Amino acid sequence: MRKVFLCLLFLALFVLVYPRLALAAPYPDKVGTDSIGESREFSSSYNVSYDIDSSGEASVTENITLINQTDRYYASQFSLTIGASEISEVSATDSSGSLETKVEKQTAPVGSILQNKQRITVKFAQQIAGKGKEYKWTLKFRSRDFAQKSGKVWQVSIPRVVETPDLVDYKLMLSLPVSFGDPATIIPQPAAESEVGGKLQFQFTKDQLLKSGILANFGTNQIFQLRLKYKLDNPSVLPIIAKIALPPDSAYQKVSIGDITPKPENIISDSDGNYVALFKLNKLESFNVEVTATVKLSLASLDNYKTLTGSQSQNLTSSQRYWESDNPILKGKLADIVKDGVPESNQEKARLINKYVVNTLIFNAGRLNDPQERLGSLTALSSPESSLAYEFTDLFVALARSAKIPTRELIGYAYTANNQLRPQSINRSIHVWPEYFDPKLGWVMIDPTWENTTGGVDYFSKFDLNHVVIAIRGASSLEPAIPTEISSDFSDNDFQDSPNIFAKISIPDEIYGQIPSQAVITLTNKSAVVFPASLLRLKASKIKLVLNKFTAQTVNELSVPAIPPWGHLEIKFDLRSDSLLETYQDKISLEIADRSFEKQIRVRPFFNARFFPIIVLGLMITMVGIYLAVVVLYLSNNRQQLKAALKLPRPNLKKKKLKSS
């Protein structure tokens, strides 16, 4: 009698939330001591549908066909593991009717990124044996973990399918309500699109899903209300100026800075585009700073400036602490990554590096409970199993810089509905991710950490509306300082983009002919949004406005850089009058951003200056001093000559006696 061995068929389906969504990644696990995929006892094909309703709940239907590749086995049981917070209405059927199902909550091992996993076990009622025999059955369940409305945006994501030798075909239909609107972005491009019965339908093929998961955004912008907390401390016995990073405007976000308590001395921009608030701390002083901000994220780049200077490119490809881009080990690893040829574009080079980082490092959730030490790129390379978001980011930055791609590190807030699948790595409220520069695209954000932890959601080709930048680290891998805590809410209220500039012209009431006087223009941004770079125009009737006192270069127009919210900028120059003796009234006029400011000034002869008598007296004293010095010098010389004369030898005169005749 022919022996028929019972075969347990395991299919691991990781439902990875983005922010609450699903990934179907079918691949067979081991059967007894053999792997189905290796021995190919079965081949499989899948016709899967995700039907999402207007509330975001999805009905998942998987029509599965198992084909025996041998007459020695038949499938008796099927297991499906789902990393979802909840599933309901689980059922399975075949041609004979309902199948027995069992749902068990799984406990993830320490350090695993998958928490709250649930396993569906299906027992098959039929024993289909024989080579070439097909067993068709259907699994259904419902979940709210496949789509979620975050603020103004619906987001849907299905990570990529894992390729196995037994996988013959995989088709997926994603159905969404027309009320979601057309997708602002969808990756990959669907193989087919249609609208049927009030539903948008998107079809995807096996080849597409093997390369990339599905990522769809329905909405073009998102608005967050942020509350940031910072801790400032001065252990020194001398006063210091402490710096903290505020959310900056960037290619994909616009910022409105609300309250800052206590008020800073100033808010400036640094070379990376950060908004840096300056606080004066007295000796041994410490205090907390609280900031509120509104941030509007956009999928489309807001930045048309797509060039870097030579010095900028050099700085953004240099080796630094944690980014050891010139290390021979990293250079050797880069050579392995591009062994099939170095792509021409920065984008394609970055794609290869990102793929390597995602597939090599292992997110260690166990480290989240310990004091977090930043390991750096070299340690990440040697100990990939110990990685958090810093290690994913540092390794990408170091490898990209080694490939001469300008790269920076971004630190901020990233909204997540599932901290196990999309973790915040710093104090459980702050995230880290990189961005690289491409001359054709400008700055491009990616997230290798979340691409790894979600099992393949594509965070390289298209980004999301969940990442808020707080600090940009390019010139330094350690600065500026970041918040210790971040909290947020979604907002439906857009902020008004209306910068308000005020100019103060600080000059003396009077100046005097041919005597330079210093003037200071203070430009203050009295609004919560950035004042953009502008042209400042200065004008006076007769007075010369000298910007460079060494070259006497006059100025009538001046380019003013962007001024951060609530920040101020000082411009210093000299006022000069060519007339020595003339008295007249003049006016300094200033124009910037369609606003005008002016200050009256009076020019008087140089001898009317209040300090003129002092100058005259000083000149007289100087002249008398010079005269006395000359006299003293003259007398001193004469005295030397007199002394020299007195020391001359006298002639030896001897008296002769006269004889008398």
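Values computed for the structure shown
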{"quantity": "Residue list for the stretch 57-74, filter: in a strand (DSSP E or B) and at pLDDT below 85", "calculated": "73, 74"}
{"quantity": "Number of positions in the stretch 514-533 that are of a type in the set (Gly, Ala, Ser), surrounded by fewer than 19 Cβ atoms within 10 Å (Cβ to Cβ) and more than 24 Å from the chain's Cα centre (by Cα)", "calculated": "1"}
{"quantity": "Contacts under 9 angstrom Cβ, first residue in the stretch 528-557 being more than 18 Å from residue 588 (Cβ to Cβ) and hydrophobic (A, V, I, L, M, F, W, C), partner modelled with pLDDT under 90 and loosely packed, with under 12 Cβ neighbours inside 10 Å, 6 or more apart", "calculated": "528/496; 529/496; 529/498"}
{"quantity": "Pairs, first in contact (Cβ under 8 Å) with a residue 40 or more places away in the chain in the stretch 303-327, second acidic (Asp, Glu) and in a loop (DSSP other than H, G, I, E, B), C-beta under 7 Å, six or more apart", "calculated": "319/326"}
{"quantity": "Matching residues, the stretch 179-208, being part of a helix (DSSP H, G or I) and touching a strand residue (DSSP E or B) at 6+ places or on another chain (Cβ under 6 Å)", "calculated": "180, 206"}
{"quantity": "Residue list for the stretch 273-294, filter: at pLDDT 95 or above and under 19 Å from residue 409 (Cβ atoms)", "calculated": "274, 275, 276"}
{"quantity": "Test result for residue 179, among the polar types (S, T, N, Q), in contact (Cβ under 8 Å) with a residue 40 or more places away in the chain and in the same structural domain as residue 60 (by TED's automatic domain parsing)", "calculated": "yes"}
{"quantity": "Residues satisfying the stated conditions in the stretch 377-421, i.e. under 14 Å from the mean Cα position of the chain (by Cα) and among the charged types (D, E, K, R)", "calculated": "394, 408, 409"}
{"quantity": "Some residue of the stretch 171-186 being buried (at least 20 other Cβ atoms within 10 Å of the Cβ) and closer than 30 Å to residue 560 by Cα", "calculated": "no"}
{"quantity": "Enumeration of residues in the stretch 353-364 that are under 18 Å from residue 457 (Cα atoms) and surrounded by fewer than 21 Cβ atoms within 10 Å (Cβ to Cβ)", "calculated": "355, 356, 359, 360, 362"}
{"quantity": "Filtered residue count, the stretch 299-330, keeping only those that are more than 30 Å from residue 225 (Cβ to Cβ), surrounded by 14 or more Cβ atoms within 10 Å (Cβ to Cβ) and hydrophobic (A, V, I, L, M, F, W, C)", "calculated": "4"}
{"quantity": "Output for the stretch 35-50, where each listed residue is at pLDDT 50 or above, closer than 20 Å to residue 72 by Cα and out of contact with any helix residue (DSSP H, G or I) (no Cβ under 6 Å at 6 or more places or on another chain)", "calculated": "40, 41, 43, 44"}
{"quantity": "Qualifying position, being in the same structural domain as residue 375 (by TED's automatic domain parsing), modelled with pLDDT under 85 and of a type in the set (Ser, Thr, Tyr), among 425, 461", "calculated": "425"}
{"quantity": "All positions within the stretch 145-159 that are closer than 20 Å to residue 61 by Cβ and not polar (S, T, N, Q)", "calculated": "145, 146, 147, 156, 158, 159"}
{"quantity": "Set 321, 401: member being over 28 Å from residue 464 (Cβ atoms) and among the charged types (D, E, K, R)", "calculated": "321"}
{"quantity": "When residues of the stretch 154-169 are limited to those that are under 20 Å from residue 202 (Cα atoms) and not hydroxyl-bearing (Ser, Thr, Tyr), the one surrounded by the fewest Cβ atoms within 10 Å (Cβ to Cβ)", "calculated": "169"}
{"quantity": "Where residue 514 falls short, out of the listed (1) at positive phi; (2) not assigned by TED's automatic domain parsing to the domain that holds residue 598", "calculated": "(2)"}
{"quantity": "Selection count where residues are closer than 15 Å to residue 461 by Cα, in contact (Cβ under 8 Å) with a residue 40 or more places away in the chain and not in a loop (DSSP other than H, G, I, E, B), scope the stretch 422-442", "calculated": "6"}
{"quantity": "Filter result for residue 494 (of a type outside the set (A, V, I, L, M, F, W, C) and either over 20 Å from the mean Cα position of the chain (by Cα) or closer than 26 Å to residue 314 by Cα (or both))", "calculated": "yes"}
{"quantity": "From 543, 601, 507, 511, residue being surrounded by 17 or more Cβ atoms within 10 Å (Cβ to Cβ), out of contact with any Leu (no Cβ under 7 Å at 6 or more places or on another chain) and at pLDDT below 90", "calculated": "601"}
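The values are calculated or read from the model by the stated rules, or taken from the named source; none is laboratory data. Note that the structure is a prediction, hence the values are computed from the model and not measured. Glycine gets a Cβ as well: all are built from the backbone with ideal geometry, and neighbour counts include every protein chain shown.
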